[in-house]
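Throughout, read-outs are computed from the coordinates displayed, never taken from laboratory work. From a predicted model like this one, the values you see are computed outputs, not experimental measurements. As a convention, Cβ positions derive from the backbone with ideal geometry for all residues, glycine included, and neighbour counts pool all protein chains shown.
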Amino acid sequence: MMRFNTLIKHPADWMTGGQGEHGAVITSRIRLARNLRRHPFPGWAKRDQRAAALDLMRPAVEALPAMKGAFSHELGDLTSVQKQVLVERHLISREHAARGDGSAAVIERRQTFSLMLNEEDHLRMQAIRPGLQLTAAFSALSELDTNLEESLEFAFDPTLGYLTTCPTNLGTGLRASAMLHLPGLVLSDQIGQVLQAVNKIGLAVRGLYGEGTESLGNLYQISNQSTLGESEETIIRRLERVISQVANHEQNAREKLLEDDPEMVSDKIGRAYGVLRYAHIIDSKEALNHLSLLRLGGTLGYFPTKTVMLCDSLLMDIQPAHLQLHSGRKLSPEERDSIRAEIVRSRLQSLETPDNRMSSNDDKNFSDTPNPNPGDA
Amino acid sequence: MKCDFCEKKATVFLTQLVDGQMKKVCLCDNCAKERGVTDPTGFSLADLLLGGLPGGPGTVAGHPSPGVPGNGKQCATCTFTLDDLKRVRRFGCSDCYATFGDEVAQMIRGMHKGTSHVGKVPEGLMAIQFRNQRIEELRSRLDQAIASESYEEAAGIRDEIRNLDEVKH
Ligand SMILES: [Zn+2]
Ligand SMILES: [Zn+2]
């Protein structure tokens, strides 16, 4: 069986993939909720009932062709840091991590699929892909679901669809979501409008906010709210359409900012670069906000394009459990802040100053090669 | 400002849009940490906001309550009662949906785009039966809707039938 350290040693496929849509869409995630017939839901089941459900599901899940050689452990067998790392990688939910005994996680080698057994529902399976790939993620996950139906009998009602613990997931049991990076819309003050519009058509929008109104890392998640009354394809099609529209707005906003206020953009990106390159103590909020701007710089030609990927893996690696795993011991918050800074500094060591933008603002072909015509910059 | 989960001073502020309205949640350092709100990539934030909010859907189901409650409704499969449902806003097992049919209908009104499933159906004989039964049901509802000249409803039902046929391949 795959060991924890083997699983975690490699970045997930989705962390090293997507810069499509100019990097505005970081990841796409599909989650399906399923339950066994005649078995009480995990939150209600007694200990032995939960164990019985697990004994049915686990062999079925492990036997899936896609899960060959997968990581499969009961949560009770993992340390709290290990569970936390899985949460930070989005492989299990925080709620699942808190459940411990009687719950298990089965994670595909490349971390593109993960299945939570005895979470809020008996089975919550998810697929994550880089960039905007909800359709692809869904068809892969749906195939896995269909395979499972050969050995497990899921609770299903002709009118209500797949039956879930919470009625908010009824029907398709589908939650489709994308993580978006929207610094252009934030800096140009258009974010509120865009999010309102998205919400008006029945999609959920969430951001993480710091004090005041400034959002942390300019990161937003858009997902479906309704799971009943529409097919999976309809839900996903609408979501993909809306997300690519938002990504377009974001791209336009970035271009317009560069045109109208290049000094402001350069100043923000330059300051972020300075702090990340030279800070010795940095908390996660500050790191997050600066990485967001560095990432923006990567898409605007201030840095090589691969900087976007570097930022994405840093977003993951600077989180508390990843830091503790990295240093192999428990860390105080103060220690975390200095180790975080150390990791960021060393990863960015070879990143050159953003003084020479590599492309002018009408150049969409950002590349690692220096601008052949520096006079244009 | 006080934390929405305990009495301490709030230091983390979350905002989400619900029906076009900004909704703010305030948390203290501890509660934020416990709920993973400092996770910058926001998935766990989504989990927090999807459940576990004060006044939102309940968090974890509790223990089976002894005895039969006021109105006597209880799931024969899992012993879940109406009181349990009111308390946690979640169900005890899949059979609860039949036991508490009226409550289900009330709960899902306005929660979703529709009230009947038009998506994927488990493979196999059983599934085909389900689907055909469902299409039959919808056809008779369609006739009724047309008879009563509720064309908007009829159009919706027709779409559902079309979707079901589509899923059938
Ligand atoms: Zn608190
Ligand atoms: Zn029940």
request  = Pull out the extension gain between A:Asp77 and A:Lys256, defined as 0.36 nm times the separation in residues minus the alpha carbon to alpha carbon distance; nm, one decimal.
outcome  = 59.2 nm
request  = Quick one: work out Rg over Rh on the C-alpha atoms of chain A, Rh as Kirkwood radius.
outcome  = 0.99
Rough spin-label spacing in nm, given labels placed 7 Å along Cα→Cβ, for B:Asp159 and A:Gln349 = 5.8
ask   = How many partner chain Cβ atoms sit within 10 Å of a residue's Cβ in peptide B:84-94, on average, as a whole number?
value = 6
inquiry  = Can you compute the charge dipole magnitude of chain A about its Cα centre, using +1 on each Lys and Arg Cβ and -1 on each Asp and Glu Cβ, nothing else charged? Give it in debye, rounded to the nearest 20.
reply    = 940
remark   = Cβ density ranking, 10 Å radius, fewest first, applied to A:Ser93, A:Ser244 yields A:Ser244, A:Ser93
note = Site B:Glu123, offset 7 angstrom along Cα→Cβ, radius 14 Å on amide nitrogen, limited to the range A:123-160, gives A:140-154
task = Would you tell me the mean number of C-beta atoms belonging to other protein chains that fall within 10 Å of each C-beta in A:151-160, as a whole number?
result = 6
ask   = What distance in nm separates the simple spin-label points at B:Cys6 and A:Glu263, each placed 7 Å from Cα in the Cβ direction?
value = 4.8
note = Pairs over 21 Å Cα to Cα, from A:Lys200/B:Lys113; A:Lys83/B:Lys86; A:Lys306/A:Lys330; A:Lys9/A:Lys68; A:Lys83/A:Lys330, come to A:Lys83/B:Lys86; A:Lys306/A:Lys330
key: Cut-off 19 Å, label 7 Å out along Cα→Cβ of A:Arg237, residues of the range B:85-123 by amide N   = B:113-121
key: Ranked packing of A:27-38, B:98-109, A:185-196, most packed first, by mean Cβ within 10 Å   = A:27-38, A:185-196, B:98-109
query = What's the FRET efficiency of A:Asp48 with B:Ser140 using the Cβ-Cβ distance as r and R₀ = 56 Å, to the nearest 0.05?
reply = 0.80
request  = Starting from the Cα of B:Ala76, step 7 Å along the direction of its Cβ; do the same at A:Asn248; then give the gap between the two resulting points in nm.
outcome  = 5.6
message = Between A:Arg37 and A:Ser139, how high is the FRET efficiency from 1/(1 + (r/R0)^6) when r is the Cβ-Cβ distance and R₀ = 41 Å? Nearest 0.05.
response = 0.95
request  = Could you order peptides A:96-103, A:222-229 by the average number of other Cβ atoms within 10 Å of their residues, highest first?
outcome  = A:222-229, A:96-103
message = I'd like the mean, over residues of B:96-108, of how many other protein chain beta carbons sit within 10 Å of each residue's own Cβ.
response = 3
key: Highest average packing first - A:2-10, A:41-49, Cβ atoms within 10 Å   = A:41-49, A:2-10
